[in-house]
Amino acid sequence: MWDFSNGKLKPEEQRVLLLTGAAGALAIASYAVYKRWCPLAQGNSEQPVRVGLIGTGWAVKVQLPQFRRAGMQVTAIASRKEESAVTLAAQHHIVKPFGNVIELCQCPDVDLVSVVSPTYLHSEQMIAALVGGKHVLVDKPMARDGAEGERMLAAASAHSKQVAIVDHELRFTPAFQHAQHALQSGTIGAVVAIDVAVYLPGNAGPWSWWHDVPSGGGMLGAIGSHLIDAHRFLLDCEFTSVSAHLETLQKQREDPLTGHPRACTADDLTYMQYRVAARASSAQAPVWSQPDATILGRMAMGTIVGGAPSGVSHFVIMGSRGSVTLDSMTSSCTVADLSGKVLSSVKGNGSAFAKVGTHALGVALQRALGPRRDMAALRPAATIADGLAVVYVMDAARASAAQGGAWQTPKVLPAD
């Protein structure tokens, strides 16, 4: 018992009081961190899927908060610069930072590896994760070319007991799922034409791998891969021919390492015409006027300077009895008849790529890989085979652009 009779504490009593206060403050701070970052403490009664992130851009800005919101736990992060991993881990309360991808892929505290690195690293890192016994989510475009993608498909097939999917998160949004249902149920009749355009805001900033062809940069990969995959998801189709023009409008940018101008080789403006046809499994669906029909479409994508700070996005599928219109910037979908009367809709609630899509994908991954083992939650997912099919279309588009827009036939995976 402390003696307060003289109104003062003895020196040793003062030290005890200070130590007790410091310990209490530390306990409160530790509990606050626990409550903030541990899904089990936030009312999620199931064990969270533990995620290791490879990458410090989209992985940190988008996947980290959205996966946590979905009930998953980000336990590790890897960067080519170990100091970056350590800094980010401290800032975002991630337990294990790595400067070596192999170490993350072998970490026992990781269930799922999310590969969100530059495209030229996807193949080796995805394969390393599979060899390490992890499930894998790999960013789009899955690979730089078909040969690289084929190696990834072979690796995924060799590790078939592990989940390996491509991060085409649009498939998981309510808007795109609503559109798929409207199309496949025949609400707008047989599809006659498709028109797609996505222009991202701003075209400033320093040089990065995104502006470099050998690294896998460019709009065709960054946005075109999503749009190609969306066609395959919505219509259950394959691309039969493409004609493309790829332009590099901004020829150089400042290299952040040297401060000097560096040449940009990747496309920042892409136009593509194409035809799609039904897969054998969907030839009788009401989307198609007849089993051997093809649908003509066009897509455009690029970056814009000024005039549209939030970007421009529309994905219009026109049918014999109406239309489906999607907006990936707002995650909205509108189904209308030929008079323009709205038959059904999904109200937007943020970016289909970031807030809505990544969160929905995280929820599905938690359901499938967590204690519930509800693998049906991943039914919409783009498989590695789907990712390769997209890469084949991109290969054909680049070949077409190299020949002034000559029509090319993409390679197609053998039927299952």
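The values are calculated or read from the model by the stated rules, or taken from the named source; none is laboratory data. In this text the structure is predicted, and so the values were computed from the model without any measurement. Here the Cβ positions follow ideal geometry from the backbone for every residue, glycine too, while neighbour counts run over all protein chains shown. These accessible areas exclude ligands, DNA and RNA; they are computed on the full protein's heavy atoms, side chains included. Shrake-Rupley method; radii C 1.70, N 1.55, O 1.52, S 1.80 Å.
With a cut-off of at least 3 residues that are hydroxyl-bearing (Ser, Thr, Tyr) and surrounded by 24 or more Cβ atoms within 10 Å (Cβ to Cβ), name the strands (runs of 3 or more DSSP E) lying wholly within segment 197-268. Explain how you work it out, then say what you get.
On the way: elements: 237-247, 252-254, 261-263.
Because the criterion is at least 3 residues that are hydroxyl-bearing (Ser, Thr, Tyr) and surrounded by 24 or more Cβ atoms within 10 Å (Cβ to Cβ), no strands (runs of 3 or more DSSP E) in segment 197-268 meet it.
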- line: Being open to solvent by less than 20 Å² (accessible area, probe 1.4 Å), of a type in the set (A, V, I, L, M), closer than 21 Å to MET219 by Cβ and modelled with pLDDT of 95 or more narrows VAL324, VAL276 down to just VAL276
- request: Kindly list the number of the only condition in (1) farther than 23 Å from SER79 by Cβ; (2) open to solvent by less than 30 Å² (accessible area, probe 1.4 Å) that fails for VAL166.
  value: (1)
- request: Report whether or not ASP395 is at pLDDT 95 or above, of a type in the set (Asp, Glu) and within 28 Å of ALA147 (Cβ to Cβ).
  value: yes
message: Residues to consider are THR334, THR330; find the one that is closer than 20 Å to HIS314 by Cα, assigned to a strand (DSSP E or B) and open to solvent by less than 60 Å² (accessible area, probe 1.4 Å).
response: THR334
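Let's see how each residue does on (1) surrounded by 14 or more Cβ atoms within 10 Å (Cβ to Cβ); (2) touching a His at 6+ places or on another chain (Cβ under 9 Å); (3) of a type in the set (S, T, N, Q); (4) at pLDDT 95 or above:
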| residue | (1), (2), (3), (4) |
| --- | --- |
| ASN349 | yes, no, yes, no |
| ALA354 | yes, no, no, no |
| THR358 | yes, no, yes, yes |
| ALA364 | yes, no, no, yes |
| LEU369 | yes, yes, no, yes |
| MET375 | no, no, no, yes |
| ARG379 | no, no, no, yes |
| VAL391 | yes, no, no, yes |
| GLN403 | no, no, yes, yes |
task: Could you list, in sequence order, all residues of segment 239-261 that are within 19 Å of ARG398 (Cβ to Cβ) and in contact with a strand residue (DSSP E or B) (Cβ under 6 Å, 6 or more places away or on another chain)?
output: PHE239, THR240, SER241, VAL242, SER243, ALA244, HIS245, LEU246, GLU247, LEU249
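With surrounded by fewer than 19 Cβ atoms within 10 Å (Cβ to Cβ) and without any contact (Cβ under 8 Å) to a residue 12 or more places away in the chain as the only criterion, which of SER339, SER282 stands out?
Values: SER282 fails: without any contact (Cβ under 8 Å) to a residue 12 or more places away in the chain.
Being surrounded by fewer than 19 Cβ atoms within 10 Å (Cβ to Cβ) and without any contact (Cβ under 8 Å) to a residue 12 or more places away in the chain holds for just one of SER339, SER282, which is SER339.
Name the residues in segment 345-383 that are over 24 Å from GLY311 (Cβ atoms) and assigned to a helix (DSSP H, G or I), would you? Before the answer, list the steps.
Our first condition is that a residue be over 24 Å from GLY311 (Cβ atoms); within segment 345-383, this holds for 363-381, 383.
Across segment 345-383, the qualifying residues are VAL363, ALA364, LEU365, GLN366, ARG367, ALA368, LEU369, MET375, ALA376, ALA377, LEU378.
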statement: Restricting segment 56-65 to residues that are among the β-branched types (Val, Ile, Thr) and more than 12 Å from the chain's Cα centre (by Cα), the one modelled with the highest pLDDT turns out to be VAL60
- request: Please give the number of the condition HIS181 fails out of (1) buried (at least 18 other Cβ atoms within 10 Å of the Cβ); (2) within 18 Å of GLY357 (Cα to Cα).
  value: (1)
task: Filter segment 119-136 for residues that are open to solvent by less than 10 Å² (accessible area, probe 1.4 Å) and over 17 Å from ILE384 (Cβ atoms) and give the result.
output: none
field: Enumerated strands (runs of 3 or more DSSP E) restricted to segment 66-166, each holding at least 2 residues that are among the polar types (S, T, N, Q) and either at negative phi or at pLDDT 95 or above (or both)
entry: 73-78
